[in-house]
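Only one structure is covered here, and it is reproduced in the block below.
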Amino acid sequence: MRVTEGGVELEVPGEQTEGIEEAVFYNPRQELNRDLTIATLRAYREREDRATSYLDAMTASGVRGVRAAADGWDVTCCDVDEEAVDLARENLERNDCEAATVEHWNVNALMHDSTFDVIDLDPFGTPMPFADAAFANCRDLLCVTATDTAPLCGAHFNSGVRSYSAVPRNTDYHAEMGVRILISALARSGARFDVGVEPILTHATSHYVRTYLELTHKPTAADAAIDELGQLYHCEDCLYREADPGLIADPLETCPHCGGNRMLTAGPVWLGAVQDSEFIAAVRDEIPYTFDTAPAARELCDTLAAELDEPTHYDQHKLCRNWGLPANAMDDFLADLREAGYAASRAHYGGTTFKTDASVGEIRAATEGNLD
Ligand SMILES: [Zn+2]
């Protein structure tokens, strides 16, 4: 079956393309992720002009590698599966990208053996089995997808603990829990190699988390990344939450807001910034309307760039349900928060999600007069 995406043409096994989440060779639901990747690579090349080589670590159909090669990157595609390697090679040839290298190898062995400026980990499930090898030899930018959202957000608790060496908790901000558990685990992997991480673009849906980490190869940078880790304390009754920096937890026994004792502790999570607004604006400008997902990808960039740098978000509908009050229009709700002197922004996690520096009690006090 023939598909076109971002100006390249690919042959993919037909039965794999019917919107199946687990599609092995080509997942059409990840097109926005791939369009954003190309735009990010373009913006990154402007930011760091020494970056020229790109590894598509789990190449499958070769779609990421083909698109990067067509965009001028010095591409290596790798897969352990022979069928995938053949398919990637054909797709590179079909798009006149014969200069790209295709490796039929265990990608961990390849990453320990060779240096790449940019490495793209796009596995099915958790990327953690590949993280150490990636940090060992990636120079500039590590792009990571995780599709195991249930372990990441604490819904599959033991699996999350095993994969990420952290305690995830299932809260009303589950996609962001996934983001912060993933980046925490990656920061700790990087630190073992004296590499510091700085997330410059991160987005999450119910299907996957994607983050782009700029790397600095210095022990002090690794220390600085570890300093961004900490714990989240969360009240299941009133949705109060608190961030506590540092690796040693000091959990709250009772909720400071409602006095309840159904408190959860999650951590270590990444409490630092997950976006670089200026970089995201540059990424947005690199999304041409010839990309099928351009309107959605540009809108996502706008939301990400404006998102407040707070470690958790709220969902207006979940708060209102908890308070037994009807919800109102998001713009009015956020305007009430700002009028009361708080910072407030929409969040990209859903149409009724937002970020603020107000606590759950302050949010209610600032908005309930207009909830009717
Ligand atoms: Zn509470």
Response to the item:
Taking Cα pairs closer than 8 Å and at least 6 residues apart, the relative contact order of the range 314-370 in percent is 35 percent
Item to complete: Treating only the Cβ atoms of Lys and Arg (+1) and Asp and Glu (-1) as charged, compute the dipole magnitude of the chain about its Cα centre; round to the nearest 20 debye.
Response: 760 debye
Item to complete: Mind checking which of His257, Ala347, Val179 is farthest towards the positive end of the chain's charge dipole, using Cβ charges of +1 (Lys, Arg) and -1 (Asp, Glu) about the Cα centre?
Response: His257
Discussion item. Pairs of alpha-carbon atoms within less than 8 angstrom and 6+ residues apart define the contacts here; what relative contact order does the chain have, in percent?
Written reply: 12 percent
Worksheet item: Using alpha carbons only, how many degrees (0 to 90, rounded to 10) separate the axis of helix 330-339 from the longest principal axis of the chain?
Response: 60 degrees
Worksheet entry | Cα-Cα P(r), the chain, percent of pairs per 20 Å interval | 29, 56, 16, 0
Response to the item:
Taking r as the C-beta separation of Ser206 and Glu299 and R0 as 22 Å, the FRET efficiency to the nearest 0.05 is 0.80
Worksheet item: So what is the accessible area of the chain per residue, in Å², with the probe set to 1.4 Å?
Response: 41 Å²
Response to the item:
Here the FRET efficiency for Asp237 versus Ala99, based on Cβ atoms and R0 = 41 Å and rounded to 0.05, is 0.10
Worksheet, complete the sentence: Along principal axes, largest first, the alpha-carbon spread of the range 314-370 in whole Å comes out as 25, 24, 18
Worksheet item: Taking the Cβ-Cβ separation of Cys258 and Arg2 as r and a Förster radius of 45 Å, what is the calculated FRET efficiency to the nearest 0.05?
Response: 0.20
Fill in: Carbon plus sulfur fraction of accessible area for the chain, probe 1.4 Å, in percent
46 percent
Worksheet item: Summing -39500 (n - 2.57) over the DSSP H runs of n ≥ 4 in the chain and dividing by its residue number, what mean residue ellipticity at 222 nm do you reach, to the nearest 500 deg cm²/dmol?
Response: -11500 deg cm²/dmol
Worksheet, complete the sentence: Expected max-MSF residue from Val283, Val209, Val80 in the GNM of the chain (alpha carbon, under 10 Å) is Val80
Worksheet item: What order do you get for 252-262, 41-51 when each peptide is scored by the mean count of other beta carbon atoms within 10 Å, highest first?
Response: 41-51, 252-262
Worksheet, complete the sentence: According to the Cβ-distance criterion of 4.7 Å, cysteines of the chain with no possible disulfide partner are Cys77, Cys78, Cys97, Cys138, Cys143, Cys153, Cys301, Cys320
Worksheet, complete the sentence: The rounded separation in angstrom of the Cα centers of the range 323-343 and the range 301-318 is 14 Å
Fill in: In degrees, nearest ten, helix 31-47 long axis to first principal axis of the chain (Cα)
80 degrees
Discussion item. Please report the antiparallel percentage of DSSP beta bridges with both residues in the chain, rounded to the nearest 5.
Written reply: 70 percent
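The values are calculated or read from the model by the stated rules, or taken from the named source; none is laboratory data. Owing to the predicted nature of the structure, the values given are computational and were not obtained by experimental measurement. In this analysis, Cβ positions are derived from the backbone assuming ideal geometry, glycine residues included, and neighbour counts consider all displayed protein chains. Surface accessibility is based on the protein's heavy atoms, side chains included, excluding ligands, DNA and RNA. Shrake-Rupley method; radii C 1.70, N 1.55, O 1.52, S 1.80 Å.
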